[in-house]
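Here's the structure we're looking at; comments come further down.
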Amino acid sequence: MQVAVVGSGYVGLVAGACFADLGHEVILVDNDRQKLAALESGQVPIHEKFLPELLERHRGRRLIFSGDVQAAVRKSAAIFIAVGTPPTEQGDADLSYVESVARGISGAIKGYKVIVEKSTVPVYTSDWIRKVMLRNAAPPDCFDVASNPEFLREGTAVTDFLYPDRIVLGTDSERSVSVLREIYAPMTDGSYYERPDAVPCPEGAKVPPPVIVTSSKSAELIKHASNAFLAMKISFINAVASVCEAVGANVQQVCEGIGSDRRIGPRFLNPGIGYGGSCFPKDLMAFRSVARECGYEFRLLDEVKRINEEQQQRFLRKVRSALWTLRDKRLGILGLAFKGGTDDIRESPALLLVQSLLQEGCQIAAYDPAAMKRAQEVLTAGVEFASSAYEAAHGADALLILTEWEEFRTLDLGRLQREMKYAIVVDGRNLYDPESMVRYGFTYYSIGRAAAVPEPHAAAAGSSRKTKKS
Ligand code: UGA
């Protein structure tokens, strides 16, 4: 099938590459000429597993890049809108790019087309797209608008696309459902998964994925409500972690206990320094704003946000309680991306913490496996960028783990300990087992678990001086 994807950002690029891998002919449209030229020349603008392979496989063949939205619409049976919906100052989503695409494609509608929202948008957006297209003389019987939200996580976006928990098709017309079903048929009939060159199946994937057909409004709400629920789950466990710290319980044991209830489930129950990224903070506020406009004050979402912000302050207090004063302390920082497996630093809690520590006069040596280049553009003064975790730890008064990179779970702890001035680790992602950290001589602070202190220093837990290495 011939499809167009408008917008070559995260969602658009991944969707375009995956549709091509499913066997469709894809035109990826963007109005940024430089970006198109970079994609055409083989560059991959985002750090995403399997994306370089898919782009390489289909570029110039089943996947072509274009700046001409009208020509792309004329050739395609379905047009996916995947442009940005950044937050406005009031917290709601700015839909002007979506509107401008809707206007732009109206004149090219000849013969039946399905216009599909892929960007994260508030409820009623598909109604608005339809209205805008009608105002701009698109023939009413020649198109339907559908909502087909994505649930991609950065870092695993390609496998999330090809092995989703569900495919949501939100539309109010039978005709558009059958076009969308045909597009996803290689997944839903299982044929894609039998191909020897298919992207490998991740553990626990539902194959073939179920399809959920809803109204377009329900589909729009499914996307916002899913992200809000996941953010709530994280804030919930962070709040439980604070109680664990107060009473001397272990949040990991609590998570195992509650997560094994199938109604709750173990995923997204990792306590940490709070959620970040380009989706949860923005979508939570957009959903809050949508609800308010509809006459419902969704105060629960305010609380989710408040707990998330407080989690940062709690972590800073933990660093202070480990080191006493912070001015001129040398801190090794592991992780700058908003989560592991990505180079994205948007709304990164790690970056916000580094900025606060710089304000308190700390000297920072930071390392991230992928996000250093992007972080250098933001952290322009006061940070040394190290070429490895060990270099970041070298001569440090303490090491702070801020991003859950797999690479950080498997460090040579003996070597790390030898690099540091004081063997103190403050782990904002609970990557290590407190007992094994103590065996390596670390004083180890984590989230929702008691501080672990080597025997000779136990009486002076919290004092950096007492953990100085001989
Ligand atoms: C999120 C959703 O998980 C996707 O389903 C959704 O499609 C996407 O937003 C979107 O709307 O585009 P993403 O932002 O890539 O995906 O990242 P997540 O893996 O969800 O992590 C978000 C934040 O929560 C990160 O800062 C992460 O460190 C934090 N987190 C996640 C925790 O603190 N604890 C957890 O248990 C899980």
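Listing for the model above:
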read-out	value
Considering residues of region 1-25 that are assigned to a strand (DSSP E or B) and under 16 Å from Ile115 (Cα atoms) only, the residue farthest from the chain's Cα centre (by Cα)	Gln2
Which listed residue is farther than 19 Å from Ala337 by Cβ, at pLDDT 95 or above and either assigned to a helix (DSSP H, G or I) or hydroxyl-bearing (Ser, Thr, Tyr) (or both), from Arg306, Arg263	Arg306
Options Leu28, Leu36: the member that is outside any helix (DSSP H, G or I), free of Cβ contacts under 8 Å to residues at least 40 places away in the same chain and within 22 Å of Ser76 (Cβ to Cβ)	Leu28
Residue count, region 315-326 (criterion: farther than 23 Å from Phe385 by Cβ, of a type outside the set (Gly, Ala, Ser) and not in a loop (DSSP other than H, G, I, E, B))	3
The lone exception for Ala78 - which of (1) in contact with a Cys (Cβ under 7 Å, 6 or more places away or on another chain); (2) buried (at least 16 other Cβ atoms within 10 Å of the Cβ) it fails	(1)
Those residues of region 382-411 which are more than 19 Å from Asn430 (Cα to Cα) and part of a loop (DSSP other than H, G, I, E, B), in sequence order	Gly382, Ala386, Ser387, Ser388, His394, Gly395, Ala396, Asp397
Top-ranked residue in region 143-171 [being in a loop (DSSP other than H, G, I, E, B), charged (D, E, K, R) and in contact with a helix residue (DSSP H, G or I) (Cβ under 6 Å, 6 or more places away or on another chain); ranked as nearest to the ligand (Cβ to nearest atom)]	Arg153
Enumeration of residues in region 109-143 that are on the phi > 0 side of the Ramachandran plot and among the hydrophobic types (A, V, I, L, M, F, W, C)	Ala137
Positions within region 327-359 being part of a loop (DSSP other than H, G, I, E, B), surrounded by 18 or more Cβ atoms within 10 Å (Cβ to Cβ) and more than 16 Å from the ligand (Cβ to nearest atom), in sequence order	Lys329
Lone unmet requirement of (1) of a type in the set (A, V, I, L, M); (2) crowded, with 19+ Cβ neighbours inside 10 Å; (3) more than 16 Å from the ligand (Cβ to nearest atom) for Val290	(3)
Unmet criterion (only one of (1) over 24 Å from Val5 (Cα atoms); (2) β-branched (Val, Ile, Thr); (3) part of a helix (DSSP H, G or I)) for Val177	(1)
Residue list for region 9-33, filter: touching a helix residue (DSSP H, G or I) at 6+ places or on another chain (Cβ under 6 Å), crowded, with 24+ Cβ neighbours inside 10 Å and under 20 Å from Thr156 (Cβ atoms)	Val14, Ala17, Cys18, Asp21
Residue in region 220-237 that is within 12 Å of the ligand (Cβ to nearest atom), on the phi > 0 side of the Ramachandran plot and not charged (D, E, K, R) present	no
Extreme residue, surrounded by the fewest Cβ atoms within 10 Å (Cβ to Cβ), among residues of region 196-223 that are among the β-branched types (Val, Ile, Thr) and part of a loop (DSSP other than H, G, I, E, B)	Val207
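Listed here are the residues, each with its yes/no results for (1) of a type in the set (Phe, Trp, Tyr); (2) closer than 18 Å to Glu404 by Cβ; (3) within 12 Å of the ligand (Cβ to nearest atom).
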{"position": "Ser242", "(1), (2), (3)": "no, no, no"}
{"position": "Ala249", "(1), (2), (3)": "no, no, no"}
{"position": "Arg262", "(1), (2), (3)": "no, no, no"}
{"position": "Pro271", "(1), (2), (3)": "no, yes, yes"}
{"position": "Cys279", "(1), (2), (3)": "no, yes, yes"}
{"position": "Ala286", "(1), (2), (3)": "no, no, yes"}
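The values are calculated or read from the model by the stated rules, or taken from the named source; none is laboratory data. Quantities reported herein were computed from a predicted structural model and do not represent experimental measurements. Note: ideal-geometry Cβ built from the backbone for every residue, glycine included; neighbour counts use all protein chains shown.
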